Every structure is written in structure tokens, then in C-alpha cells.
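The values are calculated or read from the model by the stated rules, or taken from the named source; none is laboratory data. For clarity, every value in this text was computed on a predicted model and none was experimentally measured. Positions of Cβ are generated from backbone atoms using ideal geometry, with glycine treated the same way; all protein chains shown enter the neighbour counts. Heavy atoms of the whole protein, side chains included, go into the accessibility calculation; ligands, DNA and RNA do not. Shrake-Rupley method; radii C 1.70, N 1.55, O 1.52, S 1.80 Å.
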Amino acid sequence: MLKKKNNSLKLLSLIIMLSTFGFVNSNPYTATNNIQTKKGKKHKKEVVKIVLLKNIAFVPKVITIKPGTKVKWINKDTAMHTVLSGTTKKTTDLFESNNLGLGSTFEFTFKKKGIYRYYCGTHPTQMKAVVIVK
Amino acid sequence: MFGKILNQKSVYNISKTLNTILLILTFLLSSSVTSVYAQNMQHKGTMMNKKQMMKKIRMLQKKAPAKGYLKAHAMLKNPLGLLGGPISINISQNGGTAYLALPDNRRIDPTVFGSPKMPRAFEGTPGITGLPPVARGVENGHYTKMKMKSPFGDKYITAGNARLTIKAVDATATDAAVTKDKLQFEASWKDKAGNTYTVKAKKLVTHGLESPTFGGVATNIILHGFTGLGTPLMPSEYTYFAFWAMGNIYKNGKLIDKMRIVHGMLTEYVRTKGFKLAFDDQVTPTAMHFHLMVPPLKPNMKTMAFDKSPVKTGFKLPNGMSLPFWHVMFEAIQVKAERE
């Protein structure tokens, strides 16, 4: 079972890595993780959508996901970024990352339908993006 | 009665001295940036003449803590090399945003500057190596902000098409009269009106006037803040790469100022939410960015001290005045370095 779990983790890592570098052409920023229960049975699929923080921008700038999808932000810049929900004029307090250095990540699962705007607290005028949950 | 008169006189003298120092700071740092304080002092008829001001500045400059160390190295003809051998550094940015710092009143970090009861970091040229307590705003027993504007603060604007090319070698370890360090440096950016501003380094500064320059190029050191190396108005920051050079300033390809101090640093990340300049405890060690500084000062090799000299940037501030310095951050950089 441990071996199976390790294999799953390896698969997830590979998918994330391939997604990160754009090798999966069909959907470069999505990874799927089969969540397993303690008994080892496949329970449900967890979809992880990847957003890169690259060249002082969120890539992609707009993503559309289903409720329950986890979004994972990965900082590919040498610069420090943050991920804050809302806009500079109106923050929503839904999520707020710590300071993200090179290679740091932040995750948030969107449970409800809606349009969620977010921005980088360090570069608020350059880095704005949207998550559409429907 | 006599004591009372003496006290009043002492208070008057102290006040006069403090005003004098503040005027010096305004003169040194504000350059063409309007200083309300200086204007007020002029109205009061207490403005010193230029000669008196220069005398006071020289007096303060002689107190720079590194003067002795620098004297031991300035004439060195055979400096030792870097332990482990030379390091070559390549840094680039090919487009995107540059962040231009605007004159601002720097918030004062208590971990660097202490408190009004126990001030720190006050020796040397004001704003360059130290900051006299009289230049610091005080509220409820704590320092607040610097009383006059400087290149170090929270205000900024962005510019596009930011380009940066750096090829450097750090070979010489210490300050010296000669160096084996090498540098090619060019940075440019475009404002919203379409003007392109360029800074090019021409010659390395092999030894410092108030702070060491490590032969012109330095790697893996800590600068600013508590270190006494460079202005304490910037936070203490681990510096992967730095250089000190003399260079030229261009606007739309035309030379508009020459032989300016050009200082660059690749450091850990020292901006926080809203791009505010960090205090020491807000620095992000896992990220980095590049800073370019062209200060409103020129070295005077006769006096071995800095003279006030606003940079001809050619860039107009929203109030119509010229920006007297360049302090520019590059964030979308590529960095490569290796031992030679």
C-alpha cells in the first residue's frame, strides 16, 4: 500500500512538473490527484490547478474551475510575491499567502461558485488575476 | 536668575545647532526636492550661507566610522584575491517593469536607528552613512519618519521596457588603489511618455570614501542597515552581488550627465506589501531583486568627501521638478554566477 501511495505521489509530482513546464499540451496547468482512504480504496479525484507567478505576472491570468478545485500558486520569479484575495481597493480576506520566495507555493481550495479576483501584495498594479468557479 | 539665563541661552544654542544640522541634511539630501522645512528656516532668516554649510558637512563627514579602514586600503597596490578564486556574475532582464523610487520620508526602523533615548547609526555623512537624531521625527518616545525626503522610501512609479545587462567578475577582495574586478553594466527603462533612460557604468570605484567598495565588485556580503556599510536608510540586506562605479546618464540616447556614482546590488528581497521598503524584520531571504542607485552626490577627490550634486536624470516629477537621483528596482531578473 505504501508503495502504491509512493507511486501516486511520484505520479502527482511528475504531472505537476510536466504541467509547470508546459509539457502536457491538453491542459498545462492542471494536475489530478487520486485521494486514497486509509483502506487504500480510491475515494475521489482532487483536481489541482497550477498558476505560476512568473515575470511579475500570474500565468494564466484567468482560470475557470469547478467547485472543490484546489489552486496551487508557484513562484517562479526571483522576486518576492504574495497572493491576496480581492482587489487593492477591496480585499476580501478569503485567502492570503505568506511572502513567497523563489520556488515557494501557496494553495487554496475554492468550494463555492463565483468570480474571485486576487492580486500580488508586493506588485499590486502589475499582478492581478481572476479565478472563475462555475 | 543667572542660571535661568544660562539655561535659556543653552537651549537657544542647542536649538540653533539642531537647526543647523537639519539644514545641512536638507541641503545634502533634498537637492532640488522642495523642502518645506528649509523654506521655513529661510523665512526665519536663519539660513546659513553655502560656505558655512559646507564646513559643517565636512565636519560630519570626517566622523565616518570607516575612514581609518579606508585609509589603510586606498593606496594598496597589490590587493589580495577573493578566497577560493574569482566569481563571474551575469544578471539580465529583457523587458517588463522597472520600479522607480520617488523622494519620500523614510520610516525609521527602531532596530537600526534605536530610540530617542538610545539612538544608533548617526555617524558619517547624513543620509549616506548615518542619520543624526535631529533628522528623525519623534512621537510618543519613538522615532517615526525622517524629516526630509530621500531616495529611500515607499513611494514609487513603474516604467516599462526595463532592460538590464550585467557582466562582472569579483576577483579582488578588499578596497585598493588597483583592482582585478571587472564590470559591464547597462540599464534602461521607458517612461509613459515614451522617453528611454539609460545608465551605463564606465569605471569601477576601487576604494570607497566612506564605505568600502571591495575593489569595485563585491559578492556575498551584508550591506546597509546596522552594518554601517552604505546608508542605514536601506534595511540590512544580504547582498549576493554589488558594484560601485562611475558612469553616464542618457535620455533617449543623448548623454545628459556624466561621471556619476553608479551603485548596483543584487540582494535579498527588501520590499513588502504595497512595495513598501522593509524594516530589518520584514526582509524576505528566499527572494531577491536588483537595485540601481545613482545618488545626488559626487566624490570630491581633493577633500576625499562627497559633494551635493543632483543627478541630471531628465525625468520630471509630477510637481514639475526634476528627479535628482535614480533609485530603480529590477524584479524580473535572470541570475547566473560561477567560480572561474
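Structure summary
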{"read-out": "Region A:56-73 - residue that is under 25 Å from residue B:98 (Cβ atoms) and surrounded by fewer than 19 Cβ atoms within 10 Å (Cβ to Cβ) and, of those, farthest from the other protein chains (Cβ to nearest Cβ)", "value": "A:60"}
{"read-out": "Residue within region A:75-88 that is away from chain B (no Cβ under 14 Å) and either at pLDDT below 95 or open to solvent by less than 40 Å² (accessible area, probe 1.4 Å) (or both) present", "value": "no"}
{"read-out": "Selection within region B:258-283 - open to solvent by 10 Å² or more (accessible area, probe 1.4 Å), in a strand (DSSP E or B), farther than 22 Å from residue B:210 by Cβ and touching a Phe, Trp or Tyr at 6+ places or on another chain (Cβ under 9 Å)", "value": "B:268"}
{"read-out": "Verdict on residue B:185 being open to solvent by less than 30 Å² (accessible area, probe 1.4 Å) and part of a loop (DSSP other than H, G, I, E, B)", "value": "no"}
{"read-out": "Single condition residue B:292 does not satisfy, out of (1) in contact (Cβ under 8 Å) with a residue 12 or more places away in the chain; (2) within 12 Å of chain A (Cβ to nearest Cβ)", "value": "(2)"}
{"read-out": "Selection count, region A:112-130, where residues are assigned to a loop (DSSP other than H, G, I, E, B) and either away from chain B (no Cβ under 13 Å) or in contact (Cβ under 8 Å) with a residue 60 or more places away in the chain (or both)", "value": "6"}
{"read-out": "Residue among B:177, B:168 that alone is crowded, with 19+ Cβ neighbours inside 10 Å and small (Gly, Ala, Ser)", "value": "B:168"}
{"read-out": "Elements of type strands (runs of 3 or more DSSP E) in region B:58-165, at least 3 residues being in contact (Cβ under 8 Å) with a residue 40 or more places away in the chain and open to solvent by less than 20 Å² (accessible area, probe 1.4 Å)", "value": "B:87-94, B:98-101"}
{"read-out": "Test for residue B:305: is it among the aliphatic types (A, V, I, L, M), open to solvent by less than 40 Å² (accessible area, probe 1.4 Å) and at pLDDT below 95", "value": "yes"}
{"read-out": "Whichever residue in region B:210-229 is open to solvent by less than 20 Å² (accessible area, probe 1.4 Å) and in a loop (DSSP other than H, G, I, E, B) and, among such residues, is farthest from residue B:75 (Cα to Cα)", "value": "B:224"}
{"read-out": "Condition met for residue B:84 (modelled with pLDDT under 95 and over 21 Å from the mean Cα position of the chain (by Cα))", "value": "no"}
{"read-out": "From the options B:335, B:294, B:283, residue that is closer than 20 Å to residue A:124 by Cβ and modelled with pLDDT of 95 or more", "value": "B:283"}
{"read-out": "Residue that is nearest to the other protein chains (Cβ to nearest Cβ) [pool: residues in region B:264-279 that are of a type outside the set (A, V, I, L, M, F, W, C) and out of contact with any Leu (no Cβ under 9 Å at 6 or more places or on another chain)]", "value": "B:269"}
{"read-out": "Residue in region B:300-308 that is touching a residue at least 40 places away in the same chain (Cβ under 8 Å), more than 14 Å from chain A (Cβ to nearest Cβ), in contact with a Pro (Cβ under 7 Å, 6 or more places away or on another chain) and within 30 Å of residue A:119 (Cβ to Cβ) present", "value": "no"}
{"read-out": "Some residue of region A:106-121 being more than 12 Å from the chain's Cα centre (by Cα) and of a type in the set (Val, Ile, Thr)", "value": "yes"}
{"read-out": "Of all residues in region A:95-111 being open to solvent by 80 Å² or more (accessible area, probe 1.4 Å) and more than 14 Å from chain B (Cβ to nearest Cβ), the one that is farthest from residue B:159 (Cα to Cα)", "value": "A:111"}
